[in-house]
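Here is the structure we will look at.
No lab work stands behind these numbers, since they all come straight from the coordinates. This is a predicted model, so every value here is computed, not measured. Positions of Cβ are backbone-derived with ideal geometry, glycine not excepted, and every protein chain shown enters the neighbour counts.
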Amino acid sequence: MEDATRSFGKGSLPPGPVPDGLIRVYSMRFCPYAHRTRLVLRAKGIRHEVVNINLRNKPEWYYTKHPFGQIPVLENSKCQLIYESVIACEYLDDAYPGRKLYPYDPYERARQKMLLELFYKVPHLTKECLVALRCGRECADLKLALRQEFCNLEEERQESVSAHQRSFLSPLAQETQIKLKAYLRNSAGPEILGYQNTIFFGGDCISMIDYLFWPWFERLDVYGIADCLNHTPALRLWTAAMKQDPTVCALLIDKNIFLGFLNLYFQNNPDAFDYGLAC
Amino acid sequence: MSGSARSLAKGSAPPGPVPEGLIRVYSMRFCPYAQRTLLVLTAKGIRHEIININLKSKPEWFFKKNPFGLVPVLENSQGQLIYESAITCEYLDDVYPGKKLLPDDPYEKARQKMVFELFSKVPSLVTSLLRKQNEEDCSGQKEELRKEISKLEEVLTNKKTTFFGGNSLSMIDYLIWPWFERMEILELNDCVDHTPKLQLWMAAMRKDPAVSALLMEPKALRGFLNLYLQNSPEACDYGL
């Protein structure tokens, strides 16, 4: 993996300028926000280098890259710095040719951005669950809140899939479809996905919004809260489909290594960030 | 393009579909977020109709336009709905011709979004100060607001330009303007007394045709705020 390099800590020398033809991402191997940016870099086949930062022991020079020392940050060969994971991902999609991850259609673009709003509580809630569990605390309320957020996403999935399909149908066919859906929901329960053929948040193919969501869903298992998806079959189908995506697969973090990192991280061990790297 | 229409409240009939060639914005005359969208519509000369919503007595049908029940919302003649003020502004810039408010250059566009992030704590600070106006201790929050505003002053200082996106007015300026307009009207001016470049920026903004077309009447804003803080359903139509 491109990011399997030792992290830079306090006292380290800053890396030199970014060579032409390359873009650099300041990252951390287990950070979900940086994961978004790495997914986009990979999906678009962008030549890049990864500089990992020791988040518990940040190099002084790093504050010249980001005022608060956060990751991810992109740095290009013109010394331009871009931060906030969503902004970085959009920048990469705009600046680099090839496969566009955001749709061309302005309305569909706006839809993806509206979907991101639906997701905004998930990162905080998953982190709180993780911390609670790791500190031996109860987190039933947090898990309930997280499940509710997943239900909102599930509902949106089913609505948007229908709308997408409906836009191709005549009014009579649309009405029939709505009645059919209601019938299936009543008789067949939540497992109505058989007849729906768009499995990703943006349509038939994986797109930006899927990559922006993915890192937190990948972490549910290793955080010990995978059961929060128990009542959301469309979301489970989506995670299964995501795991088939070559980009997602290529960056999938080994569960044992992640657990090793988490163990050290919660012991406040600054070596946590390099766990699992060959010496 | 009348923005002075009475707001629609609970029990009102839903409006019909949006006619071709027009875009509709669900708004409220004193909402800073909706003002962003109106600024972009005005700046780009987009033909639009405004339906004001009574935010203290929302029509049931409005939740079909936006499940969050918030303004602004755009609705086009294809029945497509777009909400979240920043998303509506970007959508309008993408769809409609004429002056582009967001830069084409990917880095400059990203820079505008980073400045937008820098601004992100200001709305809630201004709102909580507006609510506290009659109370004693706002000094803590005023300090916080000054701190956030200083970050913006730094941007202008580093860029050495009049506006946040360069030497001409662009999207980021419109996105942050509504709160600065309110700070002036509601006498939170001392929060910008240490930021000379911002003061120059505010003066330059007032000269912009879109900004000046949408400037609020100070008395009307104060009257609205007074009623709004008391949760009065008359607030949104104050002055009509």
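Side notes on the structure shown:
- Full-stretch length increase - B:A5, B:L200 - with 0.36 nm per residue and alpha-carbon distance subtracted: 66.8 nm
- Per-residue mean of foreign Cβ neighbours for B:69-82 is 2 (Cβ atoms of other chains, 10 Å radius).
- Estimated distance in nm for a label pair at A:D20 and B:N167, the labels positioned 7 Å out from Cα along Cα-to-Cβ: 2.9 nm
- Rg to Rh, two decimals, where region A:80-139 supplies the alpha carbon set and Rh follows Kirkwood: 1.16
- Shape of region B:1-73, Cα gyration tensor, a/c cut at 1.5: prolate
- Computed from phi, the 3J(HN,Hα) profile of region B:81-88 under the Karplus parametrisation 6.51, -1.76, 1.60 (θ = phi - 60°) reads 10, 10, 10, 6, 3, 5, 5, 4 Hz, with x in place of Gly and Pro.
- Under the convention that each Lys and Arg Cβ holds +1 and each Asp and Glu Cβ holds -1, the size of the dipole of the protein assembly as shown around its Cα centre is about 140 debye.
- Of the two radii for region B:160-229, the radius of gyration is 1.00 times the Kirkwood radius, both from the alpha carbons; that is the Rg over Rh value.
- R0 of 25 Å, Cβ-Cβ distance B:S128-B:L215: FRET efficiency to nearest 0.05: 0.55
- Quarter the surface of the alpha carbon convex hull of region B:1-124 and you get the mean projected area, 8.1 square nanometres.
- Placing unit charges on each Cβ (+1 for Lys and Arg, -1 for Asp and Glu) gives chain A a dipole about its Cα centre, and among A:P14, A:A140, A:F30 the Cα reaching farthest toward its positive end belongs to A:P14.
- In terms of its Cα atoms, region A:9-96 spans 34, 27, 19 Å along the principal axes, sorted from long to short.
- Pairs with C-alpha atoms separated by more than 27 Å, drawn from the list B:K10/B:K44; B:K44/B:K142; B:K121/B:K159; B:K10/B:K113; A:K65/B:K197; B:K44/B:K147, are B:K10/B:K44; B:K44/B:K142; B:K10/B:K113; B:K44/B:K147.
- For a label point 7 Å along the Cα-to-beta-carbon line of A:C79, residues of region A:1-21 with backbone N under 20 Å: A:13-21
- Exposure proxy order (Cβ contacts within 10 Å, fewest to most) of B:V122, B:V73: B:V122, B:V73
- Taking A:C139, A:C89 and counting other C-beta atoms within 10 Å, the order from fewest to most: A:C139, A:C89
- Helix A:208-223 and the longest principal axis of the Cα set of chain A meet at an angle near 80°.
- Between the C-alpha center of region A:54-113 and that of region B:15-36 there is a gap of 32 Å.
- Given charges at beta-carbon only (K, R positive; D, E negative), |dipole| of region B:129-240 in Debye: 400 debye
- Taking every alpha-carbon pair under 8 Å whose residues sit at least 6 apart, region A:1-93 reaches a relative contact order of 37 percent.
- Simple point charges give the picture: +1 on the Cβ of Lys and Arg, -1 on the Cβ of Asp and Glu, and for region B:70-159 a dipole about the Cα centre of about 160 debye.
- Footprinting exposure proxy ranking of A:H35, B:H194, fewest other C-beta atoms within 10 angstrom first, gives B:H194, A:H35.
- Three-way shape call for chain A based on the alpha-carbon gyration tensor, with the a/c threshold at 1.5: oblate
- Mean separation of Cα contacts under 8 Å (6+ apart) over length of chain A, as relative contact order %: 21 percent
- Mean Cα-pair separation over length for region B:1-80, i.e. relative contact order, pairs under 8 Å, 6 or more apart, %: 47 percent
- C-alpha center-to-center spacing [region B:136-186, region A:227-279] in angstrom: 40 Å
- Estimated [θ] at 222 nm from DSSP helical runs (n ≥ 4, -39500 (n - 2.57)) normalised by residues in chain B, nearest 500: -15000 deg cm²/dmol
- Look at the Cα gyration tensor of the protein assembly as shown: its axes a ≥ b ≥ c give a/c of at least 1.5 with a/b at or below b/c, and that counts as oblate.
- Taking amide H as placed 1.01 Å from N in the peptide plane, the amide H of A:H48 sits under 5 Å from that of A:I23, each at least 5 places away or on another chain.
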